[in-house]
Amino acid sequence: MATFTSSPAWQALLTHRDALAGKRLAQLWRDDPARGAALTFDCAGIAVDFSKQRITAETIGLLVALARSRGVPAAIEKLFTGAIVNTAENRPALHPALRGDEQVVVDGEDIRPSIRRNRERMRSFSDAVRDGLWKGATGERFTHVLAIGIGGSSLGPRLAIEALRADADGPEVRFVANIDAAEFDDAITGLDPRRTLVIIASKTFTTQETMVNALAAREWLIAALGEEAIAKHVIAATANVEASTNWGLPECNVFDFAEGVGGRYSVWSAVGLPTAIAIGMNRFEQLMSGAHAADLEFRSDPLDHNAAVLLGLIGVWNRNALGIATHAMLPYASRLERLVSYLQQLEMESNGKRVAADGTALDFSTEPVIWGGVGTPGQHAFHQWLHQGTDAASCDFIVVAQPMGATKVHHEILISHACAQSEALMTGVASGSAHKDCPGDRVTTTLVLPRLDAYHLGALLAIYEHKVYVEATVWGINAFDQFGVELGKNIANQVLPAVRGAGVELHPATRHLLDVIRKQREAV
Ligand code: F6P
């Protein structure tokens with residue numbers, strides 16, 4: 001497939017960009033005071049306001065023409081019907097199927113019954129833990145869950161539990177992701193093994209960090225409770241059932257999911273078990289319902305009114321027409337702090353690619369750097385760079401309309417800052433002093449959730465999943481593989497024996513760095 005940059009639809013967009021170039025965002029607002037309503041779209045109850053983007057109704061028309069020329073409508077259908085979209089690994093992407101009830105056929109089999117079965121197992125198990133019916137080896141009910149996993153096997157549940165903290169009325173969940181003993185030690189500090197359930201989440205059940213942490217948890221449990229306790233205290237969420245039973249778990253302790261569910265798309269699968277235990281399966285189902293509502297709209301809304309599609313198309317416009325290389329995620333909700341790292345993985349691991357799905361090299365830029373932080377603390381830190389740095393970032397503000405705490409005054413001020421920041425980034429200021437001038441004209445989108453609940457969190461995550469897919473489709477890349485992460489893992493396997501003192505052959509730069517580390521260790 002030819003790249004999108006050579007298409008007439010893209011050339012028309014570049015001509016349009018040049019025509020808009022002389023106009024500042026503030027001028028676009030003066031030209032069309034009704035652009036706020038015209039450029040705000042709803043998806044599953046979330047309002048997505050694009051009115052501070054460098055776009056007009058004409059831009060949307062041209063972007064939609066681009067989407068059509070790149071086969072976005074057909075790609076959306078493929079996503080929802082179990083077609084192979086992960087061509088490198090010959091797999092479908094089944095995360096929408098996990099939260100939907102539409103028929104999806106994979107290898108000639110309707111996968112709905114197995115998805116329903118898995119969800120029912122999650123319900124009965126999470127209910128049993130929450131109700132104290134599934135007990136520890138000494139008959140105590142579980143008060144804590146130690147959730148072990150990394151990347152997509154950690155970020156989603158962690159985000160969901162933190163975001164929905166107000167509804168987290170089950171056992172307290174602590175997370176261990178890093179291969180840093182301090183993280184493990186911190187997580188178990190104050191925990192009573194008799195009352196701790198360990199959940200190992202790993203799609204592959206081979207990830208080094210997770211398997212070493214799982215072993216540490218196992219030893220911690222056995223030291224306190226003996227080998228027999230494992231069957232009561234350790235649960236796995238994985239697509240590799242065999243590896244988890246070989247590890248020593250009875251099959252009934254294993255909650256599986258399909259290979260077609262990617263790690264960064266797995267919060268809806270058994271990987272969500274810690275979430276279901278923390279907030280209850282009914283609320284977990286609400287998370288699914290919100291995502292499903294966003295799926296339905298993504299699948300059926302006309303492209304020019306389709307919030308998720310437009311989020312993706314405007315991402316392409318900002319990256320490739322306006323040349324913006326970095327994108328800040330700015331949730332104005334403390335409980336959404338983890339959203340930044342969640343979206344960082346979702347976007348950068350999916351679309352941080354330099355070749356097309358067919359392996360040909362790309363001659364244009366793809367995924368921008370995703371970073372950010374919660375407002376308002378970010379305003380007292382990196383927003384300076386957003387307002388006056390030499391490079392321009394695009395930003396997504398994520399705002400919650402209903403107060404998230406008891407005191408009204410906090411929320412009023414929070415909202416005032418969220419609105420003020422996007423206005424300031426748009427208008428800038430010419431103060432007469434070079435040090436105080438802000439250039440403005442920085443593009444932003446604001447997503448407004450009516451409230452921070454499971455339903456709208458689910459919808460929000462699904463909207464971003466679809467944004468990523470739309471961008472990947474226009475760019476012609478495979479959003480569902482991540483081969484780039486392998487090289488470092490392989491080199492680490494070669495370096496580890498040297499760290500342990502073996503005389504193995506190493507790159508001189510790595511040998512040098514190990515020497516520096518050794519000397520520093522001996523210096524104290
Ligand atoms: O290293 C990348 C990665 O494979 C991610 O895609 C994934 O979310 C994470 O590691 C964890 O993988 P697993 O769930 O197989 O342990």
Separation of alpha-carbon centers, segment 67-138 and segment 445-476, rounded to whole Å
18 Å
Expressed in nm to one decimal, what extension gain is obtained for the pair residue 355 and residue 483 from 0.36 nm per residue of sequence separation less their Cα-Cα distance?
44.9 nm
Taking the solvent-accessible surface of protein heavy atoms with a 1.4 Å probe, what is the per residue accessible area of the chain in Å²?
43 Å²
Over segment 414-470, consider all pairs of different Cα atoms and compute the Kirkwood hydrodynamic radius from their mean reciprocal separation; express it in Å, one decimal.
13.9 Å
If the chain between residue 143 and residue 227 were fully stretched, how many nm would it gain, using 0.36 nm times the residue separation less the Cα-Cα distance?
28.2 nm
For the chain: span of alpha carbons on each principal axis (Å, largest first)
73, 58, 54
Gyration tensor over alpha-carbon atoms, segment 337-433, equivalent ellipsoid semi-axes in Å:
32, 20, 10
Computed on Cα atoms, Rg of segment 41-103 relative to 2.2 N^0.38 Å comes out at 1.45
Low-density loop positions, GluC sites (Glu not before Pro), segment 80-140 - DSSP coil, at most 14 other Cβ in 10 Å
102, 140
For segment 214-347, how big is the tail of P(r) above 19 Å, as a whole percent of Cα pairs?
69 percent
For segment 371-386 and segment 290-319, write down the distance between their C-alpha centroids in whole Å.
27 Å
What number comes out for the charge environment of residue 405, summing +1 per Lys or Arg and -1 per Asp or Glu over other residues with Cβ under 13 Å away?
+3
Output needed: percent of Cα pairs per 10 Å distance bin for segment 242-281, bins running from 0 to the one holding the longest distance.
27, 45, 28, 0
Could you pull out which residues in segment 56-83 have an amide N less than 16 Å from a spot 7 Å beyond the Cα of residue 27, following the Cα-Cβ vector?
56
Members of 52/353; 203/232; 23/467; 78/353; 203/489; 23/353 lying beyond 24 Å, as alpha-carbon distances in this model show:
52/353; 23/467; 23/353
Protection proxy ranking, peptides 171-184, 261-274, average beta carbon neighbours within 10 Å, highest first
261-274, 171-184
Report the charge-dipole magnitude of segment 219-313 in Debye, nearest 20, computed about the Cα centre from +1 at each Lys and Arg Cβ and -1 at each Asp and Glu Cβ.
220 debye
When the accessible area of segment 326-463 is split by element with a 1.4 Å probe, what percent falls to carbon and sulfur?
56 percent
Roughly how many debye, to the nearest 20, is the charge dipole of segment 125-251 about its Cα centre, given +1 on each Lys and Arg Cβ, -1 on each Asp and Glu Cβ, and no other charges?
180 debye
Answer with one residue from 50, 217, 245: the one whose Cα lies farthest towards the positive end of the charge dipole of the chain, charges on Cβ with Lys, Arg +1 and Asp, Glu -1.
50
Packing-based ranking, highest mean first, of 399-412, 277-290 given that Cβ atoms within 10 Å are counted
277-290, 399-412
Solvent-accessible ranking of 350, 365, largest area first, probe 1.4 Å:
365, 350
More than 21 Å apart: what percent of Cα pairs in segment 165-239 qualify?
27 percent
Return the long-range amide H neighbours of residue 91 (sequence gap of 5 or more, or a different chain), with a cut-off of under 5 Å between placed amide H atoms.
85, 86
How many times 2.2 N^0.38 Å is the alpha carbon radius of gyration of segment 1-157?
1.59
Range of Cα positions in segment 210-266 per principal axis (Å), largest first:
38, 21, 15
With the dipole of the chain worked out from charges on the C-beta (+1 for Lys and Arg, -1 for Asp and Glu) around the Cα centre, which of 196, 14, 268 lies farthest toward the positive end?
14
Mean projected area (nm²) from the convex hull of Cα positions in segment 117-179 is 5.2 nm²
Give, in nm to one decimal, the length gained when the segment between residue 38 and residue 282 is fully stretched (0.36 nm per residue of separation minus the Cα-Cα distance).
84.2 nm
Placing +1 on the Cβ of each Lys and Arg and -1 on the Cβ of each Asp and Glu in segment 299-359, which of 305, 356, 334 has its Cα farthest towards the positive end of the resulting dipole?
334
Once every Cα of segment 426-524 carries one equal point scatterer and solvent is ignored, give the base-10 log of I(q)/I(0) from the Debye formula at q = 0.19 Å⁻¹, two decimals.
-0.96
With every protein chain present, what accessible area does residue 62 have (1.4 Å probe, heavy atoms only), rounded to the nearest 10 Å²?
40 Å²
Can you give me the long-range amide H partners of residue 168? Hydrogens built in the peptide plane at 1.01 Å from N, cutoff under 5 Å, separation of 5 or more residues or another chain.
none
What translational D, rounded to a whole number of µm²/s, comes out for segment 313-386 from Stokes-Einstein when the hydrodynamic radius is the Kirkwood one over Cα pairs, at 37 °C and 0.692 mPa s?
241 µm²/s
When only alpha-carbon atoms are used, what values of Rg and Dmax, in angstrom, describe segment 296-342?
13.6, 34
If you place +1 on the Cβ of every Lys and Arg and -1 on the Cβ of every Asp and Glu, how big does the dipole about the Cα centre of segment 479-524 come out, in debye to the nearest 20?
260 debye
For segment 1-50, the percent of accessible surface on carbon and sulfur atoms (probe 1.4 angstrom, ligands and nucleic acids excluded) is 61 percent
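The values are calculated or read from the model by the stated rules, or taken from the named source; none is laboratory data. Since the structure is predicted, the reported quantities are computational estimates derived from the model, not experimental observations. Quick reminder, even Gly has a Cβ in these numbers, built from the backbone with ideal geometry, and neighbours come from all protein chains shown. The accessibility values were calculated without ligands, DNA or RNA, using every heavy atom of the protein model including side chains. Shrake-Rupley method; radii C 1.70, N 1.55, O 1.52, S 1.80 Å.
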